[in-house]
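Peer 1: My questions all concern the structure below.
The values are calculated or read from the model by the stated rules, or taken from the named source; none is laboratory data. Keep in mind the model is a prediction, meaning the values are calculated, not measured. Counting neighbours? That spans all protein chains shown, and the Cβs are built from the backbone with ideal geometry, glycine included. With ligands, DNA and RNA removed, areas are computed over all heavy atoms of the protein, side chains included. Shrake-Rupley method; radii C 1.70, N 1.55, O 1.52, S 1.80 Å.
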Amino acid sequence: MFVQITKEEFLKDISKKAWYQTNNIIWTILFLYPLFSIIDFIYANDIWVQFLIVRIISVLIIYGLYTFYRRKNYNYRYLLHITFIILSATSALICNIVNITDLNVYFLAYSAVILFLNLQVFWEPIHSVIQSLAALILLAIFYNAIRQYELDVFISNGGQFFFIVAGVSCLIPSARYKVIERDVRNQILIEKSNEQLKSQNKDIIEKNEIIDRQYERLLKMDEQKNSFINIAGHDLKNLIGSIMMSNNMIKEEEYRLSTDQKEFANYIEESAEKMQYLLNKLMDVKEIESPEMKFKMEIFDVNVEVRHIFRGLMETAQMKNIHLIDNILKLPLHVKLDKVFAGQVFQNLLSNCIKFSQTNNNIRVVTSLQRQKFVFEIVDEGVAIGQEELDMMFDKLKALNEASASQESRLGLGLSIAKLMTQEMGGDLSYRSDDKGNYFRVEFNVIN
């Protein structure tokens, strides 16, 4: 968070601070300066009334000037200079009138006035120097005008203390001015920082409210999603149950079935069992919401599973006049995977290749053992899908754009699921699409 202070802001706050200090000085003088008459009553009893009148007149003049300057909002420095001059003139006059025996007391009073003003005033130090010089000049003027005593007598009876105080006190405003100036700057920074923090806090509160509303909406949508999955799942379970029951009824008349029909019946049974397993996974809401998918890991011959998938899709390929080439290893290769999900990966890849290929194409299915890894490959020699479209299908579950009339509607859902399942089970899935066609490759670790 970076806060900048403009010159106008700084000068405005400096002026406020200066007037605050000026108010303190003026009102202190208005109340205390007439009380100096107590000193007059004690040490100049014969003329103390005249001194009181002079002090009261000085206070009234200062008050009138203060009221005028505040109303007009004039520079406070002028008011302080005039106040200094009035106090210096009255004090210098009194110091030259009183008896020599009482001069020490009045010089000390005069020094107290000068010291008080320099301790309280907020201005540049040059102004204090000017006022000290003015005080010395006024003392000299009244001394020459009245001249009751010799100069050395006048100075030795308190004058030397006054000169020291007047000179040293000029140094005070310099440090004071810098300190107050720094405090004002820091105060502005704090206020502006607080304003920014309040604004940011308000934005955070508003965004939190938006997040809370979105969270409530997501909760409702999640409840709707779970409800839909349960309803759809139960309906699908009934359908799968009907398929399995019908297939069992067919298998009860096994003696009437041909070899191919028996094979198809077994395929229907296995497919229905897989569908039921996947459906149970889907309906397990706790497992769906878990950050990690739970698999039923088992050791099996992966080549047998691939060959089973291959045979199950041959009829679909023949319907599109697509020739499936079997390059599946005859040797057993054992892996430790979720058999249903692994089969789903192979089926999704191969079924999508068949789905996306044009007629009269060749699709080779190859399995091999490379560096202690089972490798499943599909080589489609048909028209290339396109690398960008494949990326979309695998990564974002998006439909391909601008499908031609000879192509089927393409969805990346099956391929995305295949990639997700492969990664979740510790495997690797890669693909490419170029002028030579489309290529898919899956790798899983082999059990020795």
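Here is a yes/no grid of residues against (1) surrounded by 14 or more Cβ atoms within 10 Å (Cβ to Cβ); (2) at pLDDT 85 or above; (3) over 24 Å from residue 327 (Cα atoms):
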| residue | (1), (2), (3) |
| --- | --- |
| 377 | yes, yes, no |
| 380 | yes, yes, no |
| 386 | yes, no, yes |
| 405 | no, no, yes |
| 411 | yes, no, yes |
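Peer 1: Separate question: Name the single residue, out of those in the stretch 345-375 being closer than 17 Å to residue 433 by Cα and among the small types (Gly, Ala, Ser), that is most open to solvent (accessible area, probe 1.4 Å).
Peer 2: 351
Peer 1: Hey, among 79, 103, which residue is under 22 Å from residue 149 (Cα atoms) and either in contact (Cβ under 8 Å) with a residue 12 or more places away in the chain or open to solvent by less than 40 Å² (accessible area, probe 1.4 Å) (or both)?
Peer 2: Details: 79 fails: under 22 Å from residue 149 (Cα atoms).
Just a single option satisfies the conditions, and that option is 103.
Peer 1: Could you check the stretch 166-180 and list, in sequence order, the residues that are in contact with a helix residue (DSSP H, G or I) (Cβ under 8 Å, 6 or more places away or on another chain), β-branched (Val, Ile, Thr) and open to solvent by 40 Å² or more (accessible area, probe 1.4 Å)?
Peer 2: 172, the sole residue that qualifies.
Peer 1: Go through the stretch 10-55 and give me each residue that's among the small types (Gly, Ala, Ser), part of a helix (DSSP H, G or I) and free of Cβ contacts under 8 Å to residues at least 60 places away in the same chain. Break it down into steps so the answer makes sense when it comes.
Peer 2: The initial filter retains those residues of the stretch 10-55 that are among the small types (Gly, Ala, Ser), namely 15, 18, 37, 44.
The next check asks that each one be part of a helix (DSSP H, G or I); those that pass are 15, 18, 37.
Answer for the stretch 10-55, where residues must be among the small types (Gly, Ala, Ser), part of a helix (DSSP H, G or I) and free of Cβ contacts under 8 Å to residues at least 60 places away in the same chain: just 37.
Peer 1: Residues in the stretch 320-336: is at least one modelled with pLDDT of 85 or more, more than 21 Å from residue 298 (Cα to Cα) and open to solvent by 80 Å² or more (accessible area, probe 1.4 Å)?
Peer 2: Checking the stretch 320-336: at least one residue is modelled with pLDDT of 85 or more, more than 21 Å from residue 298 (Cα to Cα) and open to solvent by 80 Å² or more (accessible area, probe 1.4 Å).
Peer 1: Which ones in the stretch 14-32 are out of contact with any Asp or Glu (no Cβ under 9 Å at 6 or more places or on another chain) and of a type outside the set (A, V, I, L, M)? Spell out the reasoning first.
Peer 2: Taking the stretch 14-32 as the starting set, the residues that turn out to be out of contact with any Asp or Glu (no Cβ under 9 Å at 6 or more places or on another chain) are 15-16, 18-32.
Of everything in the stretch 14-32, those that are out of contact with any Asp or Glu (no Cβ under 9 Å at 6 or more places or on another chain) and of a type outside the set (A, V, I, L, M) turn out to be 15, 16, 19, 20, 21, 22, 23, 24, 27, 28, 31.
Peer 1: As an exercise: evaluate residue 275 against (1) of a type outside the set (Phe, Trp, Tyr); (2) open to solvent by less than 60 Å² (accessible area, probe 1.4 Å); (3) modelled with pLDDT under 85; (4) over 29 Å from residue 360 (Cα atoms) and give the number of the one condition it does not meet.
Peer 2: Residue 275 satisfies all of (1) of a type outside the set (Phe, Trp, Tyr); (2) open to solvent by less than 60 Å² (accessible area, probe 1.4 Å); (3) modelled with pLDDT under 85; (4) over 29 Å from residue 360 (Cα atoms) except (2).
Peer 1: Name the residues in the stretch 185-242 that are under 30 Å from residue 5 (Cα atoms) and of a type in the set (Lys, Arg), would you? Lay out the reasoning, then the answer.
Peer 2: Filtering the stretch 185-242 for residues under 30 Å from residue 5 (Cα atoms) gives 185-207.
Within the stretch 185-242, 185, 192, 198, 202, 207 qualify.
Peer 1: When the stretch 335-363 is examined, which residues are found to be outside any helix (DSSP H, G or I), of a type in the set (A, V, I, L, M, F, W, C) and under 20 Å from residue 393 (Cβ atoms)? Before you say what the answer is, go through the steps one by one.
Peer 2: Just the residues of the stretch 335-363 that are outside any helix (DSSP H, G or I), to begin with: 335-338, 357-363.
Then keep just the ones that are of a type in the set (A, V, I, L, M, F, W, C); that gives 335, 337, 363.
Of everything in the stretch 335-363, just one residue is outside any helix (DSSP H, G or I), of a type in the set (A, V, I, L, M, F, W, C) and under 20 Å from residue 393 (Cβ atoms), namely 363.
Peer 1: Oh, and also: Could you tell me whether the stretch 91-99 includes any residue that is outside any helix (DSSP H, G or I), in contact with a helix residue (DSSP H, G or I) (Cβ under 6 Å, 6 or more places away or on another chain), open to solvent by less than 10 Å² (accessible area, probe 1.4 Å) and at pLDDT below 90?
Peer 2: As a first pass, look at the stretch 91-99 and keep what is outside any helix (DSSP H, G or I): 98-99.
Next cut, in contact with a helix residue (DSSP H, G or I) (Cβ under 6 Å, 6 or more places away or on another chain) only: 98.
Filter again for open to solvent by less than 10 Å² (accessible area, probe 1.4 Å), leaving 98.
Next, from what is left, pick out any that are at pLDDT below 90: 98.
Yes; the residues of the stretch 91-99 include at least one that is outside any helix (DSSP H, G or I), in contact with a helix residue (DSSP H, G or I) (Cβ under 6 Å, 6 or more places away or on another chain), open to solvent by less than 10 Å² (accessible area, probe 1.4 Å) and at pLDDT below 90.
Peer 1: Of the residues 108, 65, only one is open to solvent by 20 Å² or more (accessible area, probe 1.4 Å), among the hydrophobic types (A, V, I, L, M, F, W, C), in a helix (DSSP H, G or I) and touching a Gly at 6+ places or on another chain (Cβ under 8 Å); which? Outline the logic, then answer.
Peer 2: On the way: 65 fails: touching a Gly at 6+ places or on another chain (Cβ under 8 Å).
Result: 108 is the single residue among 108, 65 that is open to solvent by 20 Å² or more (accessible area, probe 1.4 Å), among the hydrophobic types (A, V, I, L, M, F, W, C), in a helix (DSSP H, G or I) and touching a Gly at 6+ places or on another chain (Cβ under 8 Å).
Peer 1: Continuing with the same structure: Of all residues in the stretch 1-44, which are more than 60 Å from the chain's Cα centre (by Cα) and open to solvent by 90 Å² or more (accessible area, probe 1.4 Å)?
Peer 2: Step one: list which residues in the stretch 1-44 are more than 60 Å from the chain's Cα centre (by Cα), which gives 34-44.
If the condition is that a residue be more than 60 Å from the chain's Cα centre (by Cα) and open to solvent by 90 Å² or more (accessible area, probe 1.4 Å), then 35, 38, 41, 42, 43 are the ones that fit.
Peer 1: Which pairs have Cβ atoms under 6 Å, sit 6 or more apart or on different chains, and link a residue in the stretch 427-448 that is within 22 Å of residue 356 (Cβ to Cβ) and touching a residue at least 60 places away in the same chain (Cβ under 8 Å) to one that is hydroxyl-bearing (Ser, Thr, Tyr) and in a strand (DSSP E or B)?
Peer 2: What qualifies is 440/431; 441/430.
Peer 1: Can I ask one more? I'd like to check something: does the stretch 149-159 contain any residue that is in a helix (DSSP H, G or I), within 27 Å of residue 80 (Cβ to Cβ) and open to solvent by less than 80 Å² (accessible area, probe 1.4 Å)? Steps first, please.
Peer 2: Just the residues of the stretch 149-159 that are in a helix (DSSP H, G or I), to begin with: 151-159.
With within 27 Å of residue 80 (Cβ to Cβ) added as a condition, the list becomes 158-159.
Filter again for open to solvent by less than 80 Å² (accessible area, probe 1.4 Å), leaving 158-159.
Scanning the stretch 149-159 turns up at least one residue that is in a helix (DSSP H, G or I), within 27 Å of residue 80 (Cβ to Cβ) and open to solvent by less than 80 Å² (accessible area, probe 1.4 Å).
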